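Structure first, commentary second.
The values are calculated or read from the model by the stated rules, or taken from the named source; none is laboratory data. Just so it is clear, the structure is predicted and the values come from calculations on it, not from any experiment. When we count neighbours, we look across all protein chains shown, and the Cβ atoms used for this are built from the backbone with ideal geometry, even at glycine.
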């Protein structure tokens with residue numbers, strides 16, 4: 001099952017290793033000076049990271065932990081978190097989610113990375129709010145932004161979704177071309 005995707009904006013390379021209902025496992029390599037993900041939560045999944053190379057700073061709620069090779073950190077389901085490289089060189093780590101939720105977990109990474117490759121995100125690799133509005137129904141079991149509270153996000157995104165669709169936004173089709181001109185709404 002091992003296959004690899006690249007996000008040119010964040011500098012992350014992700015290799016899928018295992019995807020079952022119990023476990024979703026991947027390997028992630030980050031280049032120096034790359035952005036970490038936005039503060040987020042996995043509402044149903046525990047996430048575990050094991051650093052292989054380099055140093056990575058994990059922020060979990062108000063706690064910060066720097067992990068070095070052979071060290072790991074576990075983020076319980078529902079805990080807001082993010083991470084970034086803590087040193088000057090590349091970082092390499094294994095990550096896993098339990099339960100796996102393989103369809104949701106894989107789709108999130110594939111869509112997020114494909115939108116970045118197609119030039120449909122900001123400089124940090126984040127999609128426009130309109131794209132988030134149409135994607136969230138398929139991804140909210142896997143990942144949500146840490147703030148505002150989920151109830152507020154759900155209402156706001158539900159209100160934005162019909163407007164986004166009128167503007168031409170739709171859930172990303174992974175088989176589609178990845179050129180920005182073919183993916184732009186309208």
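Here are the numbers for this structure:
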quantity: Close pairs from region 158-179: first in the same structural domain as residue 109 (by TED's automatic domain parsing), partner modelled with pLDDT under 95 and surrounded by fewer than 14 Cβ atoms within 10 Å (Cβ to Cβ), Cβ under 6 Å, at least 6 apart; calculated: 168/186
quantity: Strands (runs of 3 or more DSSP E) lying entirely in region 12-111 (those with 2 or more residues that are crowded, with 18+ Cβ neighbours inside 10 Å and not assigned by TED's automatic domain parsing to the domain that holds residue 123); calculated: 12-19, 24-30, 46-53, 56-60, 72-75, 81-85, 91-98
quantity: Conditions (1) within 15 Å of residue 36 (Cα to Cα); (2) in a strand (DSSP E or B): number failed by residue 116; calculated: (2)
quantity: Checklist (1) in a helix (DSSP H, G or I); (2) touching a residue at least 12 places away in the same chain (Cβ under 8 Å) applied to residue 142, failing item; calculated: (1)
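Residue by residue, here is whether (1) over 16 Å from the mean Cα position of the chain (by Cα); (2) at pLDDT 95 or above holds:
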{"residue": "67", "(1), (2)": "yes, yes"}
{"residue": "71", "(1), (2)": "yes, yes"}
{"residue": "76", "(1), (2)": "yes, yes"}
{"residue": "86", "(1), (2)": "yes, no"}
{"residue": "89", "(1), (2)": "yes, no"}
{"residue": "93", "(1), (2)": "no, yes"}
{"residue": "97", "(1), (2)": "no, yes"}
{"residue": "104", "(1), (2)": "no, no"}
